[in-house]
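Worksheet: the structure to be examined is printed underneath.
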Ligand code: DOR
Ligand code: ZN
């Protein structure tokens, strides 16, 4: 008989934007109810560029987690050339700061403090390599002469390759990969791993653009072709330890997305796990889902594996899936590209 439930080792989200203020308070429960831990991105309006700012942000998040909830926030620093070498050394033994995130200037939301000249960061990469601090990368070039669909590929061929050649022992996560080229590149590199989002696994650029424009599927890096999507699915369902879930859940209120100049970002935390179960089931790969959502990321980040499981049940009729959430700045649409969703977490 078809399986009606699945018990999964608690999942982690290795890339999430929780924002701050009232948006943080509204979106945080969707992360702590679905995940045992999450790596929280530092691109706030005032970017989290040093340890003290990360500690303040961490305290604010922890203050909002109810006592009965077991959830671990892992923090990141936003890499700028002003970061001191001593701060990097301190990160290497910090209790909860787990990575330093590098944004190319202008690549995405709040990336104005990102780098324009990679060479300026070399002295810092040297320290990160020596002390085993993980570099997390938004991998796109920002040169306006490069077509938006080619920006990840060009970043890999130029900047990423250069970093790897100069710092072969630097541990790197290429975030939210989008293409078959990226999958192939990751497989070949020893110290490199990658996160993959729900949206890059489930939708492609035709779905976003061919039958009317769907701003709720607009994100950075932009969705690619169906062939690329299928390569990402193969990577995720393969169980290969180099690939793990980072939802890149990135809430923006609908009025800022459905606009003449809409923001990049997809809010996907609420249904991330049920959608992934359905995807893995459709590919007859439920036996590999724990690698992707629970094990591989922890292994890469050097954390003990979970031993508790959570149960998801499959209903006979489609579930009444959440469509949006309300915030005091407006509604935020929840990512769900499937007509019918059958899985939900057992209460
Ligand atoms: O689509 C995106 N939105 N990609 C990112 O890299 C950042 C994110 C955001 O913060 O809105
Ligand atoms: Zn992101």
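Summary of values
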{"read-out": "Filter result for residue 128 (within 16 Å of ligand 2 (Cβ to nearest atom), within 23 Å of the chain's Cα centre (by Cα) and either under 20 Å from residue 193 (Cβ atoms) or exposed (fewer than 14 other Cβ atoms within 10 Å of the Cβ) (or both))", "value": "no"}
{"read-out": "Residue list for region 182-214, restricted to those being without any contact (Cβ under 8 Å) to a residue 40 or more places away in the chain, part of a helix (DSSP H, G or I) and within 24 Å of residue 115 (Cα to Cα)", "value": "185"}
{"read-out": "Test: residue in region 145-154 that is buried (at least 17 other Cβ atoms within 10 Å of the Cβ), more than 25 Å from residue 277 (Cα to Cα) and within 16 Å of ligand 1 (Cβ to nearest atom)", "value": "yes"}
{"read-out": "Breaking point among (1) over 20 Å from residue 280 (Cα atoms); (2) buried (at least 22 other Cβ atoms within 10 Å of the Cβ), for residue 209", "value": "(2)"}
{"read-out": "Count of residues meeting criterion [away from ligand 2 (no atom under 16 Å from the Cβ) and touching a residue at least 40 places away in the same chain (Cβ under 8 Å)] in region 153-170", "value": "7"}
{"read-out": "Region 242-292, subset within 16 Å of ligand 1 (Cβ to nearest atom) and assigned to a helix (DSSP H, G or I), residue nearest to the chain's Cα centre (by Cα)", "value": "272"}
{"read-out": "Considering residues of region 3-29 that are part of a loop (DSSP other than H, G, I, E, B) and within 16 Å of ligand 1 (Cβ to nearest atom) only, the residue farthest from residue 284 (Cα to Cα)", "value": "20"}
{"read-out": "Residues satisfying the stated conditions in region 293-335, i.e. surrounded by fewer than 14 Cβ atoms within 10 Å (Cβ to Cβ), part of a loop (DSSP other than H, G, I, E, B) and more than 20 Å from the chain's Cα centre (by Cα)", "value": "304, 307, 308, 315, 316, 317, 318, 320, 322, 323, 328"}
{"read-out": "Which listed residue, of 56, 49, is out of contact with any strand residue (DSSP E or B) (no Cβ under 7 Å at 6 or more places or on another chain) and either closer than 27 Å to residue 327 by Cα or surrounded by 14 or more Cβ atoms within 10 Å (Cβ to Cβ) (or both)", "value": "56"}
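A short reminder: the numbers here are calculations on the coordinates, not readings from a lab. Just so we're clear, the structure is a prediction, and the values are computed from it rather than from any experiment. Ideal geometry is used to build each Cβ from the backbone, glycine not excepted, and the neighbour counts take in all protein chains shown.
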